[in-house]
Amino acid sequence: MRLFADRGYRATHVTDIAAAAGVSVRTIHVHYRSKEAIVFGDAETSIAELATQIATGKAAPLDAVHAWVTQGTSGWLEPDVQLQHELAEQVPDVGHERTRLLTQLRDALAAGFAQEPGAPADQLAPRMAAAAMVAALEHLERVVITRVRDGRDVPPPDELDAIIQSAYQFLTAGADALR
C-alpha cells in the first residue's frame, strides 16, 4: 500500500511489490490472484472465513459479522481503507475487485440469513438483510475514512459496536416484520 500511495497504482508493478516485500513474484501470485487483489490484502480470505463460520452455524450471521468487525480480525476496517477507496474510485479494475468482494460478502450473509430459524421461505428477505448489513459495513468504512483523514485513529471497538448494534436493531425489526 505504501508503494501505491507513493508511486501511484499504475506505476507500481508486481515486481516492485515483490522486491519491497523481499519475496518472489511467484510468491505474490500464490497469495494474490491479481494486482487488484493486493489492494484489499486478506479481505477475500477473511470473507471466506466469515462465510464458513456462518455456513457451519457456529454463529448467527449478525453475531458473526459483529465479532468479525469489532474484534479487528476482518482486515476490513484498517487505516489503508482510505487508500483502498481512493484506488477503487480512480482505477476501474480496483473498483471491480471491490465490487466482487462486496458481492462475496453479501452472498455469504444472504445464505446465512436464509438458514436462520423462522426465515421467510423466499429469497428476497435474506438478500435484503444481507444488502442492509453490507450497507452498514460501508458506513463503517466511511466513518474510518473520515477519522483517518482527520488524523485520528480507527474508531475504538465501542464506537464500531454502536454502529453494528444499530444495524442489528434495524435488521431484527425488518426480519420480525416479515415473519
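Quick notes on this one:
- So LEU137, is it open to solvent by less than 30 Å² (accessible area, probe 1.4 Å) and at pLDDT below 80: no
- Only a single item in (1) open to solvent by 50 Å² or more (accessible area, probe 1.4 Å); (2) modelled with pLDDT of 85 or more is not met by VAL94, and it is number (1).
- Single residue of region 56-85 satisfying the filter (buried (at least 19 other Cβ atoms within 10 Å of the Cβ) and small (Gly, Ala, Ser)) that is modelled with the lowest pLDDT: SER74
- Residue that is more than 30 Å from ASP6 (Cβ to Cβ), at pLDDT 85 or above, among the small types (Gly, Ala, Ser) and in contact with a Gly (Cβ under 9 Å, 6 or more places away or on another chain), where the choices are ALA175, ALA88, ALA111, ALA132: ALA132
- Conditions (1) under 24 Å from VAL143 (Cα atoms); (2) under 13 Å from the mean Cα position of the chain (by Cα): number failed by PHE4: (2)
- Residues that are open to solvent by 80 Å² or more (accessible area, probe 1.4 Å), part of a helix (DSSP H, G or I) and not small (Gly, Ala, Ser), drawn from region 158-179: ASP158, TYR168, GLN169, PHE170, ASP176, LEU178
Results for (1) assigned to a loop (DSSP other than H, G, I, E, B); (2) without any contact (Cβ under 8 Å) to a residue 40 or more places away in the chain; (3) open to solvent by 40 Å² or more (accessible area, probe 1.4 Å); (4) under 26 Å from ASP93 (Cα atoms), shown as yes or no for each residue.
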site	(1), (2), (3), (4)
LEU3	no, yes, no, yes
HIS29	no, yes, yes, yes
ILE47	no, no, no, yes
THR52	no, yes, yes, no
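- VAL154 being hydrophobic (A, V, I, L, M, F, W, C) and in a loop (DSSP other than H, G, I, E, B): yes
The values are calculated or read from the model by the stated rules, or taken from the named source; none is laboratory data. Quick caveat: nothing in here was measured; it's all calculated off a predicted structure. Neighbour counts are summed over all protein chains in view; Cβ atoms, including those assigned to glycine, are modelled from backbone coordinates with ideal geometry. All accessible areas refer to the heavy atoms of the entire protein, side chains included, with ligands and DNA or RNA removed. Shrake-Rupley method; radii C 1.70, N 1.55, O 1.52, S 1.80 Å.
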